[in-house]
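Trainee: Mind looking over this structure? Questions follow.
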Amino acid sequence: MTRELFGTDGVRGTANTYPMTAEMALKIGAAVGRYFRKDSSVAHRVVIGKDTRLSGYMFESALTAGLTSTGMNVLLLGPIPTPAVGLLTTSMRADLGVMISASHNPAVDNGIKFFGPDGFKLSDEAELEIEALVQAGVEPAQSRNIGRAKRIDDGLFRYIERVKSTFPNGMRLDGIKVVIDCAHGAAYKAAPEVLWELGAEVITVGTSPNGFNINQNCGSTQPRVAAEAVVSNGADLGICLDGDADRVLLIDETGAVADGDQIMALFASRWAREGRLKGNSLVATVMSNLGLEQFLGGEGIGLERTNVGDRYVVERMRSGGFNLGGEQSGHIVMTDYATTGDGLMAALQFLAALVQSGLRASELANVFEPVPQLLKNVRFEKGQTPLDDEAVQTEILRVESALSGRGRLLIRKSGTEPLVRVMAECEDEGLLHQSVDAIVSAIEAVL
């Protein structure tokens, strides 16, 4: 069976357009409820969180209806970061966690992510079984076995306390000025509160969600406003989260942006020196910069590469016993603390290094010199398969030959959007641009 509903991170699309319709959310809720409610003799529960998109209300109601129709008891957390759902799934002894979010995508999109009872995202195999149940349909529970739903008021408080517990005991952020950009998303309450309670002077950006402005000219995908706020306010650090707060980019005191590769390089080198980097290796995706790999090699640290998607990073971490991984985009996964990427926890780890080292953010966040990298996206229509075209394949082979020994090429379809991503790395920037542009042109020619 092929995957039609699930991408690299759950189900995602434009709200009120297949597959992100209320009707489909109802079916998905019933299917996942039936999948996890295998023993009808005991009570089963599911926690549901969401970000700040207007369509979240619709999907929350539809999923709740589907889940309760199969006998699942639903605990509604309201707006809360994605990593909080992973944490609360285990702490509240739920069988399932659901997050309604399209992460860094615009407000018109939405998505549904699932966490198993262990707090980790579901495997490909589990998603395929759920997809089969969606297609086949499921029998609802008997009338007396319909589930209940209720709101949980202290979920955000539980998450805030858990996040603060990851900061070194006894350490404070007094005297440190921080700009926090919450992308008008799920962390708009939690992130400023955590930083303030730890003693920082907090300047907020993107903390006024209205249902339509999530990720709009703010957050980790558009850090310009936060960078300007850092410089104009003389802040020590800027923290840019995305809409569901599972990824982060950092801004140093000069306004320069550090991506996930730089953050991971810093953590890996520090953890290795402290003897707490398990397996003496970092797990990252094929998108991470070649400069990161070269830096880690110089430090005697291994690099394990996976397919794109923090879920695949976590799967490799778990199978190999590693405790640090992530993506260039800013997903930083620290399994000593959380089951998935947590932007706020990662920012606190950086702030701890800032306090402990006495260095400026610019000195900590520029760990290695990146190899020049260029990424371009080509959008295609549903049903089109440009990468299967013979002319495109021929051009890819030609460019790979030209880059051989001088760089690398990565071409893939996005798992969350109808895009072909064309990425190359090469010290020769002229050849870099020629390579990417040639493949982009070949793809556009067949669309």
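The values are calculated or read from the model by the stated rules, or taken from the named source; none is laboratory data. In this text, all values refer to a predicted model and were calculated from it rather than measured experimentally. Positions of Cβ are generated from backbone atoms using ideal geometry, with glycine treated the same way; all protein chains shown enter the neighbour counts. The area values use the complete protein model at the heavy-atom level, side chains included, leaving out ligands, DNA and RNA. Shrake-Rupley method; radii C 1.70, N 1.55, O 1.52, S 1.80 Å.
Trainee: Which whole-number percent of Cα pairs in the range 286-348 have a distance greater than 17 Å?
Mentor: Cα-Cα pairs of the range 286-348 separated by over 17 Å account for 39 percent.
Trainee: Taking K and R as +1 and D and E as -1, what net charge do the other residues with C-beta under 12 Å from the C-beta of residue 238 add up to?
Mentor: For residues surrounding residue 238, the net value is -3.
Trainee: Another question about this same structure. Given 5 Å bins starting at zero, what is the percent of C-alpha pairs of the range 204-349 in each, up to the one with the largest pair distance?
Mentor: So the P(r) values, bin by bin, are 2, 11, 19, 21, 19, 13, 9, 5, 1, 0.
Trainee: Can you tell me the Rg and the Dmax, both Å, for the Cα atoms in the range 162-219?
Mentor: Values for the range 162-219 (Cα only, Rg and Dmax): 12.5, 40 Å.
Trainee: Here's another thing I want to ask about it. Tell me the net charge near residue 410. Cut-off is 14 Å between Cβ atoms, residue 410 excluded, with +1 for each Lys or Arg and -1 for each Asp or Glu.
Mentor: +2
Trainee: Using modelled amide H (1.01 Å from N, peptide plane; none on Pro or chain starts), what sits under 5 Å from the amide H of residue 286, excluding residues fewer than 5 places away?
Mentor: 306, 308
Trainee: If packing is taken as the average number of other Cβ atoms within 10 Å across a peptide's residues, how do 60-67, 357-364 rank, most packed first?
Mentor: Top of the packing list down: 60-67, 357-364.
Trainee: Would you please put 287-295, 346-354 in order of how densely packed they are, using the mean number of other Cβ atoms within 10 angstrom per residue and starting with the highest?
Mentor: My ranking of the peptides, most packed first, is 346-354, 287-295.
Trainee: Over the chain, what percent of the accessible surface lies on carbon and sulfur atoms, probe 1.4 Å?
Mentor: 48
Trainee: Averaged per residue, what accessible area in Å² does the range 22-160 show with a 1.4 Å probe, protein chains only?
Mentor: The answer is 39 Å² per residue.
Trainee: Continuing with the same structure: With θ taken as phi - 60° and the coefficients 6.51, -1.76 and 1.60, list the Karplus ³J(HN,Hα) couplings across the range 150-167 in order, rounded to whole Hz; mark glycine and proline as x.
Mentor: 8, 7, 10, 8, 9, x, 5, 4, 4, 5, 4, 5, 5, 4, 4, 5, 7, 7
Trainee: What number comes out for the charge environment of residue 443, summing +1 per Lys or Arg and -1 per Asp or Glu over other residues with Cβ under 9 Å away?
Mentor: For residues surrounding residue 443, the net value is -3.
Trainee: Please tell me which of these pairs span more than 23 angstrom C-alpha to C-alpha: 38/121; 121/382; 27/189; 50/413?
Mentor: 121/382; 27/189; 50/413
Trainee: Starting from the amide H of residue 205, placed 1.01 Å from N in the peptide plane, find each other amide H under 5 Å away whose residue is 5 or more places distant or on another chain.
Mentor: 180, 181, 182
Trainee: Leaving out ligands and nucleic acids, and using a 1.4 Å probe, what accessible area per residue does the range 350-447 come to in Å²?
Mentor: Solvent-accessible surface per residue comes out at 53 Å².
Trainee: Enumerate the amide H contacts of residue 258 below 5 Å, restricted to partners 5 or more residues apart or on another chain; note that Pro and chain-start residues carry no placed amide H.
Mentor: Distant-sequence amide H within range of residue 258: 250, 251, 252.
Trainee: Right, something else. So how do 250-262, 298-310 stack up, highest first, on mean other-Cβ count within 10 Å?
Mentor: 250-262, 298-310
Trainee: HN-Hα J couplings of the range 378-383 from phi, Karplus 6.51/-1.76/1.60, θ = phi - 60°, integer Hz, Gly and Pro as x?
Mentor: Result, rounded to whole Hz: 10, 7, 10, 8, 4, x.
Trainee: Which whole-Hz ³J(HN,Hα) couplings does the range 340-345 yield from phi under the Karplus relation 6.51 cos²θ - 1.76 cosθ + 1.60, θ = phi - 60°, glycine and proline marked x?
Mentor: After applying 6.51 cos²θ - 1.76 cosθ + 1.60, I find 8, x, 9, x, 6, 4 Hz.
Trainee: Then there's this: Set Lys and Arg Cβ to +1 and Asp and Glu Cβ to -1, take the dipole of the range 307-406 about its Cα centre, and tell me which of 392, 326, 378 lies farthest positive.
Mentor: 326
Trainee: Can you list which of the trypsin sites (Lys or Arg not before Pro) found in the range 242-288 are DSSP loop residues with at most 16 other C-beta atoms within 10 Å?
Mentor: For trypsin sites (Lys or Arg not before Pro) across the range 242-288 that sit outside H, G, I, E and B with at most 16 neighbouring Cβ atoms in 10 Å, the list reads 276.
Trainee: With each run of n ≥ 4 DSSP H residues scored as -39500 (n - 2.57), what mean residue ellipticity at 222 nm is computed for the chain after dividing by its residue count and rounding to the nearest 500 deg cm²/dmol?
Mentor: Here the helix-only value at 222 nm equals -11500 deg cm²/dmol.
Trainee: Further, regarding this structure: Please compute, over every Cα-Cα pair in the chain, the percentage with a separation greater than 37 angstrom.
Mentor: The answer is 25 percent, as a whole percent.
Trainee: If you put +1 on each Lys and Arg Cβ and -1 on each Asp and Glu Cβ, how big is the dipole of the chain around its Cα centre, in Debye rounded to 20?
Mentor: So the dipole magnitude of the chain works out to roughly 1480 debye.
Trainee: Same structure, new question: Taking the square root of 5 times each eigenvalue of the Cα gyration tensor, what semi-axes in Å does the equivalent ellipsoid of the range 95-184 have, largest first?
Mentor: In descending order the semi-axes read 36, 19, 15 Å.
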